[in-house]
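No value in this document is a laboratory result; all are computed from the given coordinates. Values in this document were obtained by computation on a predicted structure and should not be read as measured data. Positions of Cβ are backbone-derived with ideal geometry, glycine not excepted, and every protein chain shown enters the neighbour counts.
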Amino acid sequence: MLIILEKIGWGMLALTGFVGGIIGLALPVIPQVPFFLLALFALSKLSPRFHRWLTSRHWYQRMVVPVLEKFHAKRQTKKRVLIKAEQD
């Protein structure tokens, strides 16, 4: 039952993000990119098949993976700094 509710929640979030993105395309005051990113994230959480399809795309490999790797490197650096601070 909990899994069904979780899938419904991710589905509703994806639908909300998609609708917000469409409204953002129609109204220039509302940004559309964050809404579409929210929809992609929620769909990735909703469906492992969609996540595999998304991560195998050439544009994803070219544009998103370097950003994720850069974020991960920063996170490791932060951990090293915290460990170093605890030792002092």
In whole percent, the Cα-Cα distances of the stretch 1-58 spread across 5 Å bins from 0 upward as 4, 22, 21, 20, 16, 10, 5, 1, 0
Computed from the beta carbon distance with a Förster radius of 35 Å, FRET efficiency for Met1 and Gln61 to the nearest 0.05 stands at 0.40
